[in-house]
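The structure under discussion appears below in the form of structure tokens.
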Amino acid sequence: MKRLRFLSILLVSAVFLVGQFAYFADQGLAASRGFSGSRGSGFGRSAPWSSPTQKTWNRSGGGLFGQERGSSGYSKPSLGQRPGAYQQPPQSSGSSSSGYSKPSLGGGAPVSPRPETGKFSYPGTGSSQTPSSSGYSKPSLGSGQPPSVSSGSGGYSKPTPAEVSRPGASTSGGYTKPSPSPEQGKFTGGSRFDRQTVNQLEKKKAQESLERYKAEQSKFQKPAYKVEGVESNPLYQKAKNYSGFDYGTYYGNRDNFYRQQNWAPPSYAFGSSPAFGLFSGMFLYWMLDHIGNKSVAATAYNHWNDPGFQKWRDEVGTLAKDNPELKSKLDEMDKQVKALQGTPKDPAYLPPGVPPEVALAGSVLATKKPEKPVLRIATGREGGWYDRFGVKLAETAQTLQVESIRTEGSLDNLRMLAEGKADMAIVQSDVLAIMDKKLQGKDLISEQSSLYLEYAQLIANRDSGIKSVQDIDPSKNVVLVGPKGSGTALTWEALGYLDKRYQKIPFQYSDYDSALSEVQKNSKALMLFVGGLNSDFLKKAESVAEKSGNLRLVTLDDRHFARRADKHGNSIYRFAEIQSDIYPSLQKGWFFSGDVRTLAVQAVVVLRTEWARKFGPEAMDALSKAILTVKPDIQKLANRTQ
């Protein structure tokens, strides 16, 4: 019995000791850990992002903006799939995490070019011809997409509705004429945002900022207490003001921080001033409510001699005369400060995790000269539309330091983004869709904004009899897909990933001038060019067609591609219509020129979410408004309708 009593006492003692250890360990942790909502973890979804910013980044990249939808992208067919038949992969709930995976071995390998000879070879023949050595090189536009192929025993045929249907997708037969919007259907050359709209947004924001400031000041019984010379304070110098100050953003960030602390200001806080020199009155009252935390108490000690802090201490002392609870907090603060006497002071001190932009008064931050966030943008080849966009963006975004990096195009841009060597880039939508395939092991969380359409323009020799992509015979024809690594070549590659029937069509790499010359003299060759309407190269092709009469723009009417989506649910392709007056000779019929249906991809502005989180709403506003300003000009230049 005595032994049992002894064991019981021992057990109770052990529980008590463990409890005490846990309590003091928790107190030590509470004293040392930081507070959430700091700039260290960046600006999140709850930050006060403006409406123009949220509307600008209209696609999802897994980051802050855009709405995730189910993927309908490429995936490996199941073992039970009928050999050679196209089937839509099952649609999962939520966003797909895998993106593209290895195609089945039964898909048929693409016919590769023969770079060692520099000659074109054609299926079913032993002949080859040497291309010209020089000519037009496509500017670094993005890339669009050719249509899909059915897997017959040798021919190329349009897939049946049953082959391309998926849950939730429309399976109505026939081509549906797209609506005339900038991104689907006929090119309009415009945007619902323009310079006038951006100017109106800026004026509205400035007015709202002033009104928010006045509303906040009116909550307090006393005016802000001003102190001269705060600019020399190390804490002032530590604070950041990126791309301009806005009171709405300031108060939004402040409120988010306190909301994450589950803290609301006591009513007596509004009986004093909104600001005390350098400091926000709200922050000082937050400090007082957390004075039991040693790292918070150190704030009072380090800034005790600050004139603004002293003014606040005097006001709180007056309020505490009739408020025992407040007096108790003041006594605790004085006790904590006294205990720290003799410790070296740090004039820039704040508790871990507390941003200077929360501690400082808004009226003080408003006087701070804005810093220009560095934005490294990967564009494309010199003179191309991607490069021109970077130049125009730098001219427009005056509160950003834009640094353009010329590259080889979409894939190069995507690689630089994934490796953190660029903050932003222009990438075509189909290259984004096959990122997991092309850059295995690399991940990218991004914000995305549609810029303009790039059309898949397929040209054939009229003597070939090919009027549609459905007429291509893999045993006879070859498609010249532009230089290796070009946007056009990547488009063709993406189509092969998405539909293995494309892999049966022979293709070869070639510069565009050589390809055009080859198509003109050989009825077995076709060429693909992905870019805007009336580009310099297509103008040349139209001129050749007008003189020779033997070139035709081919219809790309594999409509099931228009329903494909990437792993974030963004559309990869658009169904578009090239109007008959764009290329009269290339689109010439027996009596009249006709509209040509085709697929198009989007040139997409892709921004690393890390940049948005680091620099916050004002920098994102500056970037978004610059994009909205430049976008209509680039759309008109890239898709010239005359």
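For region 225-360, what does the relative contact order come out to in percent, with C-alpha contacts under 8 Å and a separation of six or more?
38 percent
What's the exposure ranking of D513, D595, D581, going from fewest to most Cβ atoms within 10 Å?
Sorted ascending by nearby Cβ count, the order is D581, D595, D513.
Please give the contour-minus-distance gain from N550 to R406: 0.36 nm per residue of separation, less the Cα-Cα distance, rounded to one decimal in nm.
Residue separation times 0.36 nm, minus the Cα-Cα distance, leaves 48.1 nm.
Once amide H atoms are placed 1.01 Å from N in the peptide plane, what residues at a sequence separation of 5 or more from V530, or on another chain, have their amide H within under 5 Å of its amide H?
Close amide H contacts, sequence-distant or interchain: G144, Q457, T488.
Over 23 Å between Cα atoms: which of K226/K294; K369/K614; K392/K636; K219/K369; K55/K203; K329/K368 fall into that group?
Working: K226/K294 28 Å; K369/K614 18 Å; K392/K636 14 Å; K219/K369 27 Å; K55/K203 18 Å; K329/K368 33 Å.
From K226/K294; K369/K614; K392/K636; K219/K369; K55/K203; K329/K368, over 23 Å: K226/K294; K219/K369; K329/K368.
Using a basic spin-label model with each label point 7 Å from the Cα along Cα→Cβ, how many nm lie between D314 and K484?
Each label point is offset 7 Å from its Cα along the Cβ direction, giving 7.9 nm.
Mind listing the long-range amide H neighbours of Y573? Cut-off is under 5 Å, sequence gap 5 or more, other chains count too, H placed in the peptide plane at 1.01 Å from N.
Sorted by chain and number, the residues that satisfy this are R564.
Could you give me the ³J(HN,Hα) list for region 563-579, computed from phi with Karplus coefficients 6.51, -1.76, 1.60 and θ = phi - 60°, whole Hz, x at Gly and Pro?
Per-residue couplings from phi come out as 9, 7, 10, 7, 5, 9, x, 7, 5, 7, 10, 10, 8, 10, 10, 8, 5 Hz.
Apply the Karplus parameterisation 6.51 cos²θ - 1.76 cosθ + 1.60, with θ equal to phi minus 60°, to every residue of region 225-241 and state each ³J(HN,Hα) to the nearest whole Hz, in sequence, with x for glycine and proline.
Karplus-based 3J(HN,Hα) across region 225-241 equals 8, 9, 10, 7, x, 5, 4, 8, 6, x, 5, 5, 5, 6, 6, 10, 9 Hz.
Using modelled backbone amide H atoms (1.01 Å from N, in-plane), which distant-in-sequence or interchain residues come within less than 5 Å of V402's amide H?
L375
No lab work stands behind these numbers, since they all come straight from the coordinates. As the structure is a prediction and not an experimental result, all values here were calculated from the model. Methodologically, a virtual Cβ is constructed for each residue, glycine included, from the backbone with ideal geometry; neighbour enumeration extends over all protein chains shown.
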